[in-house]
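All remarks here apply to the structure that follows.
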Amino acid sequence: MMSQRFHRRRRGAWLLVSCASCLAASPALADGLAGRLGAGQSDFGGVGLMQTPTARMAPEGTMSASWSRTQPYRRYNVFFQPTAWFEGGFRYVEIENREFRAAGDGRANLDKGFDMKLRLLQETRYRPQLALGFRDVGGTTLFGAEYLAASKRWYSLDLTLGLGWGYLGNQGDVDSPFGWLDDRLDERPRRAGGDQGGEFALDALFRGPMALFGGVEWQTPWEPLVLQLELEGNDYANEPQDNAQDRDSRLNLGARLALTDSLELNAGWQRGNTAMAGLTWNVDLAGLSQVKRNPPPAAMDAPPRESWAAVSRELEQNAGIAVSRITRQGRDITVTGEPVTYPSLMHSEVRAGRILNAQADDDVERFRFRWENRGLALREAVHSRPALVAAAGSVDREAEHLYGIYAHAQLREDERAERLHETAPQRFEWSLGPRLDQNFGGPDGYLYRLMAVLEAEYRTDRNGWLSGQLAWTALDNLDNYEYLADSDLPRVRTFIGDYLAESSLGIESLQYTRTGQLGENWYAMGYAGLLEMMYAGTGGELLYRPFNSPLALGLDANWVRQRDFEQRFELRDYDTWTGHLTAYLETGIEEVLAKLSVGRYLAGDYGTTLDLSREFVSGARVGAWGTWTDAGDDFGEGGFDKGLYLSVPFDAMFTRSSRNRAEVAWRPLTRDGGATLERRYRLYDLTEERDLGGYWDEHATAFDQ
């Protein structure tokens, strides 16, 4: 069988321009943040005035991308609001009048930093909102600062008053309030965060003098316009890299103008002598949705199909189930298959129930759906046929159907069951589409590669498949890449420029993969071949994942050898083994998933990776990771690996349902320390349906398809 669709979740980076245009067109993005009082992004990113933050938070699930320029600084910011009480993001600051010394070619210096803000108190009628924040806490700390801010709404005014240390406290209105504890707290280190930067600047927190900052925003009678008046806590006489700036006034004037519900233009007059301009785009990740134009569900009174093979085809086309087999035992009909279309298994089951109802004999009382993926048994759902038929005919009967559904860990199939239909496991699938690989924030500026990627997969049986990716580069600027790192580690990732620039046509991956089930809760996978752009080898993974449990444990081990730059079949001399023990925990706190991995990385260094992420109701997921290893000073600039990522479901962007996703990640630098093998398949992802998640909540919309 030949097909142009892949029955798996796409994890590669798709053409971001397409994704951005789909997001911009989505009606769910009319979140109204642009021009809303107290909701603007500061010049540094994060909710604030201009140069200073406020205690305000964006609505939960918001992503804000912004740009601002106040000579000699250009700032590029991306901030997320994963919970109602936490704001986090990263920023690149281009310092126009300072050279990036490691390059020595006159290019402007580019500084990277991570910020976070915690809401301590919510606003009430008489009490202001209170927040504690940290600026540039995980970067070079050139603009490092800590602050305590309070904000209060009064009619069309939003007022903020804060205390700042570091960059926000250079005015020095008040001596250090903590000097009585230790004389060292009176002075702030000139350079914090380690010799190379990038480490958490714990040695500088709340040290040195502090200054007052704050301001007021006024929502004008013309709703799209907000005016700002700001008092700064920075004196501009102690700028990073001896870059002092003239300042004629401590007061800044600004304005925010909503161009659309999610796009905002910022302008201002700062330091009494310098103009500021900026642009902000807000995205409501939690509310992403799109009106669907899926095929209508099958009619409950449709005539029987000519055969169970025809039923199998309709189950795939209309209900999104790639059927392995259909069986009958007693009064039960069981469909075993993989989900391929609808993110909600409840939706697939209700659609499938309509199709089965028209085909099944009158004495059939239950429809069972055994869900699997790549031959791995995941779970089973049992629907009462009479209750499903009644719910399809009347909204008043939906509760009866809901409470009658039974979902449980999948039991071993009874071999005595009558086989009504079985689908041949062999299947060939392919797709061809564009992809944009990009990197920004490094000393080389914005690097990109626009490609056409051909993907193919052949299923040898239910548990095995051969898959590959062939990429052709149509347009790129990778000649600008230059390796500038100072590290004694093996170059396991910093050859990236050579891989990207050596050939316009390369095999990105070509591997054979097999899965196996060792017990009800034990899953295994083995693989070998060209595993990714830079490495070939072999490896395996073992996962323990009890049904609907918040905890899972995984172990992977891999032997790999570095591939030649041309990305054909030749190999380089470097080889190593790498592997990790990983714990996955659904924390139960704000739907946060925590992943903790301990093991050996590609450069031979040992360490730990912590990954925290949150998935919203829309299916969008935001997360951040940090990796700390024993590489020490050999790691190079940054001291440890860190980054943010965003995963957006296609289902939220397009009019046809899909289980595919687009992912984009930001990491400040490509370094050899803490480098992991980019495995194409992971058991935790393949077994995601072991978790019931919001299965029961999806019943409310399952009949409105």
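At-a-glance table
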quantity: Residue match in the range 367-377 (condition: in the same structural domain as residue 317 (by TED's automatic domain parsing), touching a Phe, Trp or Tyr at 6+ places or on another chain (Cβ under 7 Å) and under 17 Å from residue 690 (Cα atoms)); calculated: yes
quantity: Count - residues of the range 572-617 that are closer than 19 Å to residue 542 by Cα and of a type in the set (A, V, I, L, M, F, W, C); calculated: 7
quantity: Set 338, 314: member being farther than 15 Å from residue 296 by Cα, among the charged types (D, E, K, R) and crowded, with 19+ Cβ neighbours inside 10 Å; calculated: 338
quantity: Sole residue being in the same structural domain as residue 518 (by TED's automatic domain parsing) and either without any contact (Cβ under 8 Å) to a residue 40 or more places away in the chain or outside any loop (DSSP other than H, G, I, E, B) (or both), chosen from 662, 675; calculated: 662
quantity: Entirely in the range 514-609, the strands (runs of 3 or more DSSP E) that have 3 or more residues that are under 30 Å from residue 82 (Cα atoms) and touching a Phe, Trp or Tyr at 6+ places or on another chain (Cβ under 8 Å); calculated: 551-563, 592-600
quantity: Residue 397 vs. criteria without any contact (Cβ under 8 Å) to a residue 40 or more places away in the chain and surrounded by fewer than 21 Cβ atoms within 10 Å (Cβ to Cβ); calculated: yes
quantity: Qualifying positions in the range 406-438 - touching a helix residue (DSSP H, G or I) at 6+ places or on another chain (Cβ under 7 Å) and within 18 Å of residue 375 (Cα to Cα); calculated: 421, 423
quantity: Filter result for residue 86 (within 28 Å of the chain's Cα centre (by Cα), at pLDDT 95 or above and of a type in the set (A, V, I, L, M, F, W, C)); calculated: yes
quantity: The range 132-158: number of residues that are in contact with a Gly (Cβ under 9 Å, 6 or more places away or on another chain), closer than 19 Å to residue 87 by Cα and among the hydrophobic types (A, V, I, L, M, F, W, C); calculated: 7
quantity: Condition met for residue 615 (surrounded by 16 or more Cβ atoms within 10 Å (Cβ to Cβ), of a type in the set (D, E, K, R) and under 25 Å from the mean Cα position of the chain (by Cα)); calculated: yes
quantity: Close pairs (9 angstrom Cβ cut-off, 6 or more residues apart or separate chains): outside the structural domain of residue 493 (by TED's automatic domain parsing) in the range 561-583, among the aliphatic types (A, V, I, L, M) and surrounded by 14 or more Cβ atoms within 10 Å (Cβ to Cβ) anywhere; calculated: none
quantity: Scope the range 590-619; condition of a type in the set (Gly, Ala, Ser) and either under 30 Å from residue 698 (Cα atoms) or outside the structural domain of residue 493 (by TED's automatic domain parsing) (or both); matching residues; calculated: 594, 613, 618, 619
quantity: Options 234, 252, 266, 294; residue that is under 30 Å from the mean Cα position of the chain (by Cα) and either crowded, with 18+ Cβ neighbours inside 10 Å or among the small types (Gly, Ala, Ser) (or both); calculated: 266
quantity: Enumeration of residues in the range 299-337 that are among the acidic types (Asp, Glu) and either touching a residue at least 24 places away in the same chain (Cβ under 8 Å) or in contact with a Phe, Trp or Tyr (Cβ under 7 Å, 6 or more places away or on another chain) (or both); calculated: 301, 314, 316, 332
quantity: Residue check for residue 323: of a type outside the set (Gly, Ala, Ser) and out of contact with any Lys or Arg (no Cβ under 7 Å at 6 or more places or on another chain); calculated: yes
quantity: Residue match in the range 193-204 (condition: modelled with pLDDT of 95 or more, in contact with a helix residue (DSSP H, G or I) (Cβ under 9 Å, 6 or more places away or on another chain) and in a loop (DSSP other than H, G, I, E, B)); calculated: no
quantity: Residue count, the range 341-382 (criterion: in a strand (DSSP E or B), crowded, with 20+ Cβ neighbours inside 10 Å and aliphatic (A, V, I, L, M)); calculated: 4
quantity: Pairs, first more than 21 Å from residue 678 (Cβ to Cβ) in the range 516-541, second modelled with pLDDT of 95 or more and surrounded by 20 or more Cβ atoms within 10 Å (Cβ to Cβ), C-beta under 7 Å, six or more apart; calculated: 517/376; 517/377; 517/523; 521/545
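Conditions tested, residue by residue: (1) surrounded by fewer than 24 Cβ atoms within 10 Å (Cβ to Cβ); (2) within 23 Å of the chain's Cα centre (by Cα).
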position: 34; (1), (2): yes, no
position: 41; (1), (2): no, yes
position: 44; (1), (2): no, yes
position: 47; (1), (2): no, yes
position: 51; (1), (2): no, no
position: 56; (1), (2): no, no
position: 60; (1), (2): yes, yes
position: 63; (1), (2): yes, yes
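Every residue, every condition in (1) on the phi < 0 side of the Ramachandran plot; (2) surrounded by 18 or more Cβ atoms within 10 Å (Cβ to Cβ); (3) in contact with an Asp or Glu (Cβ under 9 Å, 6 or more places away or on another chain); (4) of a type outside the set (A, V, I, L, M, F, W, C), yes or no:
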residue	(1), (2), (3), (4)
605	yes, yes, yes, yes
620	yes, yes, no, no
623	yes, yes, yes, yes
630	yes, no, yes, yes
651	yes, yes, no, yes
666	yes, yes, no, no
669	yes, yes, yes, no
674	no, yes, yes, yes
681	yes, yes, yes, yes
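The values are calculated or read from the model by the stated rules, or taken from the named source; none is laboratory data. Here the structure is a predicted model, which is why all the values come from computation and not from measurement. FYI the Cβ positions are ideal-geometry reconstructions off the backbone, even for glycines, and counts take in every protein chain you see.
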